[in-house]
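Just below is one structure, and these are the notes that go with it.
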Amino acid sequence: MRARMRIDWIVNSILVPLVSVAAGFVVAGLAVAATGADPLVAFTALFEGAFTNRNAFAETLVSTVPYVFLGLGVALGFRAGLFNIGAEGQFYIGALTGVFIGYSIRGLPFFIEMPLALLAGMAGGFAWAAIAGFLKARFGAHEVITTIMLNYVAFLVANYLVDTPGLMLAPDVSTPRTPDVDANAVLPIILAGSRLHAGFILALIAVPLVWFLIERTTVGFQLRAVGFNQGAARAAGMSVGRTMVLAMGLSGALAGAAGIVQVLGIGRHMTDTVAAGYGFDAIAIALLARSNPWGILPAALLFGALHNGASFMQLQTDVSADLISIVQASVIIFIAAPAIVRWIFRLRAEGAASIQITSREAETPV
Amino acid sequence: MTSFLSQLDPISLLSITLVTATPLTLAALGGMMCERSGVVNIALEGIMLTGAFVGYAVAFATHNLWVGVLAAIAAGMLIAALHAALSINFLVDQIVSGTVINILAVGITGVFYRNFIESQNTAGPGTLPQWNVPFLSGIPVLGPIFFQNQFVTFAMLALIVIVHFTLFHTVWGLRTRACGEHPRAAETAGINVYFVRYVNVIASGALAGLGGAYFSLQQIGNFLPGMTGGRGFIGLAAMIFGQWTPVGAFLASLLFAGSDQVGSRLQSVFHVPIPLQFLGMLPYVLTIVVVAGAMGRAVAPAAVGRPYKKS
């Protein structure tokens, strides 16, 4: 019996993700071949761009940092039965509130200034996501629609604030951007000669913290109870609505952390242009990790490598960096439909429940 | 007052509103077919993007806009079939499956756009011609609004009627709704639930694919990455606000489209000093408000979102 469970665990947590990633590359390879390019050349460039020298690997780790926070955020939402598809908007709002504190409050020592900006970013992300949590808890508005819409609103808010003189626009700049944050808010470089910054350490700390929060605290227990069975959670005296708002908020706080860490570690200010894609990446990472905080690390590293390698590949081979979206989508398909992987390996189907994000009862219509 | 009215130009305002409501309505109709049969479809956005791309690429290659429109519909059906297979056969969470398709659409259109379209210097295929319906287009007020349009808008108007008739006045519609309300009972009554759901999901792909053709072949005659800009999700909200009925969804789409237009008129005509970004937010904020407000009263198909396992 134990041996049987052990095999199930190995299949579900290791074999399925590995096969999924491999299958994702096969599908993406077919897409590359369909455009007339050579998949092997493209993937070689992808790999070179991600790993082959010290700086490439450092850059991969740099790309991994926001993915860890974003993946943790979405995974935390999943555990509470919430599908936070708006991590990207929360990322920008977090960056916005964090950068505001980072440049308006000046002259504090590093150990106060940096955490202050970080907390401000997390608070921004929390508040933005909590809107969707509240609308779900109070009115039953499905978070998939509200968080997507809030993404667009967030981009426009960021654009407005950064573009408008007297608000967050820095004086005397040629392209619209906010002022730089105080030097004491900046996350220091931890690998000389690269851009790898202390945000990487923060990401490594965040993983056990989020694990502890979900698995070992009362809040985490309530969160999982609501995700597992709302009716039972309610019968046990938990406030389902409050837990939803909190879970959504925490999920957004982690996305906000990703945003502000990116600013404090790399840009030091925000511009008015937004690069899309973080929200979907985060979902892919959380699904690949099966919503387990520890699993987020390897999943984020994989996507960091893909992200970093893809730009190099685009330069070298003219295959669009959007290729990694195809890898992602295929990975999710195989992860979410273990029946397919089991079918490939002719494994028996028992215990192969597909991933269930939305809770069964009290489901709100989309 | 009259000068205000003439400045506001209500006829052109309504006309533009109807046109911009076109993809929203088509997405909403697609979502409706799908959800009435019990399958949630948040993939509409990705399906529209795929339709927009494939429609444009094929029109570009064949120099024929109409082949492009057909290709957009076919591409929508094909990618919707993937959603059907994942959510019906493989029992994947329908939200996850929809997300997969949205991501896949970004990837596929992005990769092929870069390789085949971005580098082309030749002129594009242009846009679908404007048709004036003989006699009817001459009617004051109604004529310019309803009877002087391009193909996708005419098709949208016809499809409202067709979907309404199909859902509420045919045996197929009855079966569809049965599968969405109580699949077990439907199967007991001899209905093949999987088949009904498959057909409806693929039909929703056709509708959303046509909606995609609006962007690339009717509106601007070009393809741009991410050009659907969340319209699939707004269409889904219109479906909810319209209580899963075609006419309701159409009116809701007009509301969303109108909010876009009225905002920009307020600024350009009355010089109301509203920052551009806030006007841009209007449809998105309105969608949030409407989804929150409508949800209490909305009655979704009872079995929507639940994978059905044959017993």
Run down A:82, A:40, A:46, A:96 and say which single residue is within 14 Å of another protein chain (Cβ to nearest Cβ) and either more than 29 Å from residue A:209 (Cβ to Cβ) or among the polar types (S, T, N, Q) (or both). A:46
Just to be sure before I move on: is residue A:186 within 12 Å of another protein chain (Cβ to nearest Cβ) and aliphatic (A, V, I, L, M) in the structure I sent? no
Scanning segment A:147-166 residue by residue, the ones that are modelled with pLDDT under 90 and more than 17 Å from residue B:279 (Cβ to Cβ) total 3
Just to be sure I understand the filter: pairs with C-beta atoms under 9 Å, separated by 6 or more residues or on different chains, first member in segment B:228-245 and closer than 17 Å to residue B:167 by Cα and in contact (Cβ under 8 Å) with a residue 60 or more places away in the chain, second member of a type in the set (D, E, K, R) and surrounded by 23 or more Cβ atoms within 10 Å (Cβ to Cβ). Which pairs pass? B:239/B:35; B:244/B:35; B:244/B:36
Scanning segment A:199-216 residue by residue, the ones that are under 15 Å from residue A:98 (Cβ atoms) and hydrophobic (A, V, I, L, M, F, W, C) total 1
Criterion (of a type in the set (S, T, N, Q) and under 22 Å from residue B:30 (Cα atoms)) met by exactly one of B:268, B:253: B:253
Helices (runs of 4 or more DSSP H) fully within segment B:39-146 counting 3 or more residues that are of a type in the set (Val, Ile, Thr), more than 13 Å from residue B:205 (Cβ to Cβ) and touching a residue at least 40 places away in the same chain (Cβ under 8 Å): B:94-112
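Restricting segment A:305-314 to residues that are touching a residue at least 40 places away in the same chain (Cβ under 8 Å) and within 12 Å of another protein chain (Cβ to nearest Cβ), which is surrounded by the fewest Cβ atoms within 10 Å (Cβ to Cβ)?
A:310
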Take segment B:79-115 and flag every residue that is within 8 Å of chain A (Cβ to nearest Cβ), within 28 Å of residue B:60 (Cβ to Cβ) and among the small types (Gly, Ala, Ser). B:107, B:110
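May I ask you to verify whether residue A:134 is within 21 Å of residue A:81 (Cβ to Cβ), without any contact (Cβ under 8 Å) to a residue 12 or more places away in the chain and out of contact with any Ser or Thr (no Cβ under 7 Å at 6 or more places or on another chain)?
no
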Restricting segment B:127-163 to residues that are surrounded by fewer than 18 Cβ atoms within 10 Å (Cβ to Cβ) and at pLDDT 90 or above, which is farthest from residue B:31 (Cα to Cα)? B:154
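Kindly evaluate residue A:331 against the criterion of being in contact (Cβ under 8 Å) with a residue 24 or more places away in the chain, away from chain B (no Cβ under 14 Å) and buried (at least 23 other Cβ atoms within 10 Å of the Cβ).
No: the conditions fail for residue A:331.
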Do the conditions hold for residue B:201, that is, is it in contact with a Cys (Cβ under 6 Å, 6 or more places away or on another chain) and modelled with pLDDT of 95 or more? yes
Scan segment A:21-67 residue by residue and report those that are buried (at least 19 other Cβ atoms within 10 Å of the Cβ) and among the charged types (D, E, K, R). A:59
What number of residues within segment B:166-202 satisfy the criterion of being surrounded by fewer than 22 Cβ atoms within 10 Å (Cβ to Cβ) and either under 20 Å from residue B:42 (Cβ atoms) or hydroxyl-bearing (Ser, Thr, Tyr) (or both)? 7
Residues located in segment A:281-304, provided they are without any contact (Cβ under 8 Å) to a residue 60 or more places away in the chain and crowded, with 23+ Cβ neighbours inside 10 Å: A:284
Name every residue in segment A:132-156 that is among the β-branched types (Val, Ile, Thr) and more than 7 Å from chain B (Cβ to nearest Cβ), in order of residue number. A:147
Note on segment B:220-246: residues modelled with pLDDT under 90 and away from chain A (no Cβ under 14 Å) are B:220, B:221, B:222
Considering each residue of segment A:157-183, count those that are crowded, with 18+ Cβ neighbours inside 10 Å, assigned to a loop (DSSP other than H, G, I, E, B) and away from chain B (no Cβ under 14 Å), and give that number. 4
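The values are calculated or read from the model by the stated rules, or taken from the named source; none is laboratory data. Quick caveat, the model's predicted, so the values are computed rather than measured. Cβ sites come from the backbone with ideal geometry, for glycine too, and all protein chains shown count toward neighbours.
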